[in-house]
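Written out below as structure tokens is the structure these notes cover.
The values are calculated or read from the model by the stated rules, or taken from the named source; none is laboratory data. If you're wondering where the values come from, they're calculated on a predicted model, not measured in any experiment. Neighbour counts run over all protein chains shown; Cβ positions are idealised from the backbone, glycine included. Accessible surface is based on the protein model in full, side chains and every heavy atom, while ligands, DNA and RNA are left aside. Shrake-Rupley method; radii C 1.70, N 1.55, O 1.52, S 1.80 Å.
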Amino acid sequence: MVRTSNMLRIVSLCMVLLLGSEICIAARQELIVTTIKQDPYTMSKGSQLEGYCMDLLAELAKKLGFRYKVHLVKDGAYGRQDEGGNWNGMIGEVVRGEADLAMAPLTLTAAREKAVGMTKPYMQTGISILLRKDIVSEEAGFFDFLSPFSGETWFGILIAYFVTAVCICIVGRLSPCEWSQPETEPNRFTLLHSLWYAAGALSLQGAGPHPKAVSGRVISCTWWLFAVVLLACYFSSLSSSQGSDSAPLMIKGFEDLANQDVIEYGTLAGSSTLAFFKNSNNPSYRRIYEHMERRKSFVSSMDEGVQKAKEGNYAFIGESVSLDLAVARHCELVRAHEVIGMRGYSIVTPLGSPMLKNLSVAILQLSEAGELAYLRTKWWASSCIPDSAKGSSLRVHSIKGMFLVLAIGLGIGVLLSLFELTSKSRSTAGEQKYE
């Protein structure tokens, strides 16, 4: 019994030493890393490579203490299994022992997991649609007619309307020209009539009776000018916004894409995205796959898909993370809101590699420390300058000159009414003095 227990201890110790030596050897030797060029994961900068994957690889090497050498995959493929069970691309290089790691946006799938080791995902993604903005319309809302002006502008217009009506009412009472017999004749410009009079000007119809005094006419003309310019700005902004959204199609997701035949669509040939639609039991997804297979609307690279989407009348189906980058770099493109088939990007190692567990732990540590979020922000920074002059609501500061002219007109009108009242009072006092 003692001899047996000692033998078990010796065997266990040897296994621990053997595993530890493998990890140490992996840490000391120079690992061969295969990758593929795809913006912004891996890009050329002179004779060097840079990008999200290169930064992540450097952080992992620093944390785990290994050296590495990177080369581009020979056949330019990610990794697909043929009918004979052989793998091409980066997956094939790792399977054949030509590379120790594959560092690229490689989707974690069941088929790949059987052939190679895959770490915990370092980035989450899904499947979405990329297309041009000008071939897709959005659903109209009930209050889109208010969109030409911002909320603060509408509030300013409402205040201007009430202030103008009150000024008309005050001038109608102060100016002696508005009535000939103050004792018996009622004032026509009550507050209610002043509100109705100002509202009539906004509809370009007018509502009588009109002021007879100069002060009242100054206020009326100023308000009419304000109303004409305001309506011109409103209809101009409304027509431009309606014109930019006059596209005949409304594509929110894959159901809408499958139910139309105007826009051609496709995905990356041999990709996991294509496999998702091929293996899906969803009727809409099956129709999408059958359409792409029938029309052979596949692309050979991500850049080709983005370029075809930019040229118009083509919707590119791909990884949502990559599509977000295309939207950030190309202002004329937009990504659909729907994202399906959530999955993750992983680092590939050979089956049974002692590096697999350490890499997964290191990825989780970098995620918890916020390093992965920092790298995402760094390499997905948008270079698209938004066109604020198109389709944006007019704010108060954009038409502040109109409000300034209205305020000056109201002030002049009130001052003129006071002057008219003072002149009439002096004239009446002089007549009574001579009598």
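From the list 349, 377, the one residue that fits, being among the polar types (S, T, N, Q) and open to solvent by less than 50 Å² (accessible area, probe 1.4 Å), is 349.
The set of residues from region 163-187 being out of contact with any helix residue (DSSP H, G or I) (no Cβ under 8 Å at 6 or more places or on another chain) and either modelled with pLDDT of 70 or more or open to solvent by less than 80 Å² (accessible area, probe 1.4 Å) (or both) comprises 173, 179, 185.
Residue under question is residue 317, and the condition is that it be within 30 Å of residue 66 (Cβ to Cβ), part of a strand (DSSP E or B) and open to solvent by less than 20 Å² (accessible area, probe 1.4 Å); does it hold?
no
Would you confirm whether any residue within region 399-407 is of a type in the set (Lys, Arg), modelled with pLDDT under 90 and surrounded by 14 or more Cβ atoms within 10 Å (Cβ to Cβ)? Taking every residue of region 399-407 in turn, none turns out to be of a type in the set (Lys, Arg), modelled with pLDDT under 90 and surrounded by 14 or more Cβ atoms within 10 Å (Cβ to Cβ). Looking only at residues in region 301-313 that are under 15 Å from residue 128 (Cβ atoms) and open to solvent by 10 Å² or more (accessible area, probe 1.4 Å), which one is farthest from the chain's Cα centre (by Cα)? Only one residue fits best here, namely 302. Somewhere in region 271-278, is a residue part of a loop (DSSP other than H, G, I, E, B), modelled with pLDDT under 90, more than 30 Å from residue 200 (Cβ to Cβ) and not aromatic (Phe, Trp, Tyr)? Checking region 271-278: at least one residue is part of a loop (DSSP other than H, G, I, E, B), modelled with pLDDT under 90, more than 30 Å from residue 200 (Cβ to Cβ) and not aromatic (Phe, Trp, Tyr). Could you check, for region 210-223, whether at least one of its residues is crowded, with 17+ Cβ neighbours inside 10 Å, modelled with pLDDT of 85 or more, hydrophobic (A, V, I, L, M, F, W, C) and under 15 Å from residue 157 (Cβ atoms)? Looking through region 210-223, at least one residue is crowded, with 17+ Cβ neighbours inside 10 Å, modelled with pLDDT of 85 or more, hydrophobic (A, V, I, L, M, F, W, C) and under 15 Å from residue 157 (Cβ atoms). Among the numbered criteria (1) surrounded by 14 or more Cβ atoms within 10 Å (Cβ to Cβ); (2) under 33 Å from the mean Cα position of the chain (by Cα); (3) part of a helix (DSSP H, G or I); (4) at pLDDT 80 or above, which one does residue 232 miss? The number of the failed condition is (1).
A single member of 332, 368, 435 is open to solvent by 30 Å² or more (accessible area, probe 1.4 Å) and modelled with pLDDT of 90 or more, and it is 368. Restricting attention to region 65-79 and to residues that are among the aliphatic types (A, V, I, L, M) and open to solvent by less than 50 Å² (accessible area, probe 1.4 Å), the residue that is nearest to the chain's Cα centre (by Cα) turns out to be 77. Within region 82-104, identify whether any single residue is closer than 25 Å to residue 359 by Cα, of a type outside the set (D, E, K, R), open to solvent by 10 Å² or more (accessible area, probe 1.4 Å) and not in a loop (DSSP other than H, G, I, E, B), and answer yes or no. Yes - at least one qualifying residue is present in region 82-104.
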